[in-house]
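Note sheet for the following structure.
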Amino acid sequence: MPFSVYTNVWISGSRKLVYEKSPTSVLFDPNIKFHSFGFDAEDKYAELAFDGKANDWYFFSRFKMALYNTKTIKRSFEIVADNGKMLPAMTVFSSCIKYLVNHLLEACSKVVTESVEKSGSGLATGSAKNMDDKPIGSEDNSDTNRVRALKRSHFRWVLTVPAIWNDAAKQFMREAAIKAGIPGDQLLIALEPEVASIYCQSFPIPMLPGLKNDFVQLQPGDKYLILDAGGGTIDVTVHKVHHDGTLRELHAASGGDWGGTKVDKAFNDLLLNIVGNVVMKKVDRNDKWAYLDLFREFEVKKRTITPGMAGCIRMTVPFAFSETYKEERRREVK
């Protein structure tokens, strides 16, 4: 089992902050052509809104839970963009997966190229942008095949989904991934808490403070619970380690839509109580930069909170909120 795990680092455009996760945001142009993903999509859409050009574009954010909230999932079902326009969910999901696949392939291409250049092999690099099953880099024939070109077929693609999703949602994600160009025979749909459970099998687990050992390795006969607190959902699974190293599921995976976005909604509700719905909608419509900046600031503050933390948490609120409040209410925010 491999023990080297690599994750991408994402940079937010406006604040230049480093994140290990990208926001689930995607932007399509007026011709329904994929434009950008993540922070790039948010920043571009804010720029379009500032210039009054956003109405013809399609911006989707935090749309993954649409698969959980839709009771009957059909291949043709649509989701709503920020401006009220709609696109087929299959188009939105498959475009995001395709972007992430391309992003991975290009990152691998860069690593392979740099490695070969350091070793003096003289690798000629190709492009993965068209999603063809072509090498990311071509072999150097003079180097007796020291470097194998990477292809999509060299990867085992694992797409993780929340445990609370039904079979229809999982099948939808599989079809979206295949439409994005991932070979169906090399695609694995896995439950997020079960993947976390496998991780716990392979790595020492930090124990609670005050216990005898700082770390513990799971042993045959051990039972353990995994609580995966993510952005949209919280998933729970309970496993037992067998003597041959395999796992037995003691309770069916369960959970709910209680993820970090619920905290964001509570923060949004707090703002609504302070400035009102009219002000929030006006800032969102007229100054998208300020709106995004406020919630990115909140995201940063969330990450600084610890269980034993006490006292106030201070945030910088963009000027557009106080100005819009004064225009609407004819008084200062208190």
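The values are calculated or read from the model by the stated rules, or taken from the named source; none is laboratory data. Computed from a prediction, not measured in an experiment: that's the story for all the values here. All Cβ positions, even for glycine, are placed from backbone atoms using ideal geometry, and neighbour counts span all protein chains on display. Calculation scope for accessible area: heavy atoms of the full protein, side chains included, ligands and nucleic acids excluded. Shrake-Rupley method; radii C 1.70, N 1.55, O 1.52, S 1.80 Å.
Annotations
- Any chance Met65 is over 22 Å from Asn31 (Cβ atoms), open to solvent by less than 40 Å² (accessible area, probe 1.4 Å) and either basic (Lys, Arg) or modelled with pLDDT of 85 or more (or both): yes
- Filter result for Glu78 (under 14 Å from Lys288 (Cα atoms) and surrounded by 14 or more Cβ atoms within 10 Å (Cβ to Cβ)): no
- Positions within the range 228-243 being open to solvent by 60 Å² or more (accessible area, probe 1.4 Å) and touching a residue at least 24 places away in the same chain (Cβ under 8 Å), in sequence order: Ala229
- Lone unmet requirement of (1) within 26 Å of Thr261 (Cβ to Cβ); (2) in contact with a helix residue (DSSP H, G or I) (Cβ under 9 Å, 6 or more places away or on another chain) for Ala310: (2)
- The residues of the range 44-97 that are assigned to a loop (DSSP other than H, G, I, E, B), more than 20 Å from Ala168 (Cβ to Cβ) and not basic (Lys, Arg), listed by number, are Asp51, Gly52, Trp57, Ala81, Asp82, Asn83, Gly84.
- Of all the residues in the range 19-43, those that are open to solvent by 80 Å² or more (accessible area, probe 1.4 Å), outside any loop (DSSP other than H, G, I, E, B) and modelled with pLDDT of 95 or more number 1.
- Residues located in the range 306-328, provided they are surrounded by 10 or more Cβ atoms within 10 Å (Cβ to Cβ) and part of a loop (DSSP other than H, G, I, E, B): Ile313, Met315, Val317, Pro318
- Screening the range 180-200 for residues that are at pLDDT 90 or above and of a type outside the set (Gly, Ala, Ser) and picking the one that is surrounded by the most Cβ atoms within 10 Å (Cβ to Cβ) gives Ile182.
- Hits in the range 156-179 (condition: in contact (Cβ under 8 Å) with a residue 60 or more places away in the chain and surrounded by 17 or more Cβ atoms within 10 Å (Cβ to Cβ)): Leu159, Pro162, Ala163, Ile164, Trp165, Ala169, Phe172, Met173, Ala176, Ala177
- The lone exception for Gly255 - which of (1) open to solvent by less than 60 Å² (accessible area, probe 1.4 Å); (2) within 20 Å of the chain's Cα centre (by Cα); (3) without any contact (Cβ under 8 Å) to a residue 40 or more places away in the chain it fails: (3)
- Selection from the range 257-305 of residues that are over 26 Å from Gly84 (Cα atoms) and assigned to a loop (DSSP other than H, G, I, E, B): Arg303, Thr304, Ile305
- Of the candidates Leu247, Leu225, the single residue that is open to solvent by 90 Å² or more (accessible area, probe 1.4 Å) and closer than 19 Å to Ala190 by Cα is Leu225.
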